[in-house]
Amino acid sequence: MEALIPMDIFLDTFFNWQIVQEAWPILWQGLQATLLLSALVVPIGVAGGIILAVLATVHSPWVKWPLRVWVDTFRALPPLVLLVFIFAGLPFIGIDVGAWGAVAIGFFLNTGAYYGEILRAGIESVPRGQLEAARSTGLTRGQTMAYVVLPQAVRNVLPDLISNTLEVVKLTSIASVVALPELLFQARQAQSVTYNATPIMAAAVAYFVLLWPVVRLLSRLENRQLAGRQ
C-alpha cells in the first residue's frame, strides 16, 4: 500500500501562498485578458445566434437547408480544432487574421450556432397569434421580430442563454492555443517557472469567484421558471 502524501507537502504543492503572491502580477494580467475576451466573444456569439435564429424563421428551402448544414457543422466541430485551423490554416491561403481575429471568428461560428438553436427554440415558443396581432397593427416583419417576438423569446429561454454563456466564458481558456495570454495561459506559464501547481489552483479559484454569482443567478431563474409552470 502506497504511503499517503503528507499534508504539508500537499499544501505546498497546490496551495502555496508565497507562490500566489509571486505569480499574482501575471495571473492578474491573465484575468483581465479573460474578462476582455468574454466581453468580446459573448456579444459576438449572441449576435451570431440572433442572425441564425431569425433566418430559421424563413420557410424557404433555399434558406432552411443551408442554415441547417451551417448550424450542425459548427456545433459538431470541436472549437479547439476550429480555432487552430483559423489561426494556423488560413495563413496558407493568404488570410492572416491574428490571434484576436481567430478567436473572434472561431467563437462567432461555434458559439453563435449554439446561441442560435437556443433562440430559435425561444422564438418557436412565442404564440403565433402574437405575431399576427403585431402585424395587424401595421408593424413590419422586422419590427415584429425586434419588438414583440425576440423580447419574449429571450425571456422564455433566459436560463439556457445564461447557462450557455457560462460555458462560453469557460471556453475562453482555449485561446491559450493561439498564445493569447488569458488566465489559464498565464497560470501555466507561472507553473512552468515555479514547478508548482499553485498557479493553476489560483486560476481555478479566480474562475469560481467570477462565475459563482452567475451560477446562483441561473439557479434562481430555473427555480422561478419551474415554479411558474406548476
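The values are calculated or read from the model by the stated rules, or taken from the named source; none is laboratory data. In this text the structure is predicted, and so the values were computed from the model without any measurement. Neighbour counts are summed over all protein chains in view; Cβ atoms, including those assigned to glycine, are modelled from backbone coordinates with ideal geometry. These accessible areas exclude ligands, DNA and RNA; they are computed on the full protein's heavy atoms, side chains included. Shrake-Rupley method; radii C 1.70, N 1.55, O 1.52, S 1.80 Å.
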Which one is farthest from the chain's Cα centre (by Cα) among residues in region 1-34 that are aliphatic (A, V, I, L, M) and surrounded by 15 or more Cβ atoms within 10 Å (Cβ to Cβ)?
19
Tell me, please, whether a residue that is closer than 25 Å to residue 46 by Cα and either modelled with pLDDT under 85 or open to solvent by 60 Å² or more (accessible area, probe 1.4 Å) (or both) can be found in region 164-172.
yes
Mind listing whichever residues of region 36-55 are under 12 Å from the mean Cα position of the chain (by Cα), farther than 28 Å from residue 141 by Cα and free of Cβ contacts under 8 Å to residues at least 40 places away in the same chain?
39
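Does at least one position in region 212-226 carry a residue that is of a type in the set (A, V, I, L, M, F, W, C), surrounded by 15 or more Cβ atoms within 10 Å (Cβ to Cβ) and closer than 28 Å to residue 103 by Cα?
Yes, there is a match, as at least one residue in region 212-226 is of a type in the set (A, V, I, L, M, F, W, C), surrounded by 15 or more Cβ atoms within 10 Å (Cβ to Cβ) and closer than 28 Å to residue 103 by Cα.
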Of the residues 84, 69, 97, 42, which single one is under 15 Å from residue 180 (Cβ atoms) and either open to solvent by 80 Å² or more (accessible area, probe 1.4 Å) or out of contact with any Leu (no Cβ under 8 Å at 6 or more places or on another chain) (or both)?
84
Listing of helices (runs of 4 or more DSSP H) fully contained in region 88-207 that carry 2 or more residues being over 30 Å from residue 14 (Cα atoms), within 21 Å of the chain's Cα centre (by Cα) and not basic (Lys, Arg):
98-124, 150-156, 158-171
Do we have residue 49 as in contact with a helix residue (DSSP H, G or I) (Cβ under 6 Å, 6 or more places away or on another chain) and either open to solvent by 70 Å² or more (accessible area, probe 1.4 Å) or at pLDDT 85 or above (or both) here?
yes
Confirm whether residue 124 is exposed (fewer than 13 other Cβ atoms within 10 Å of the Cβ), of a type in the set (D, E, K, R) and at pLDDT 85 or above.
no
Considering only region 112-120, I want to know if a residue exists there that is over 21 Å from residue 71 (Cβ atoms) and in contact with a helix residue (DSSP H, G or I) (Cβ under 9 Å, 6 or more places away or on another chain).
no
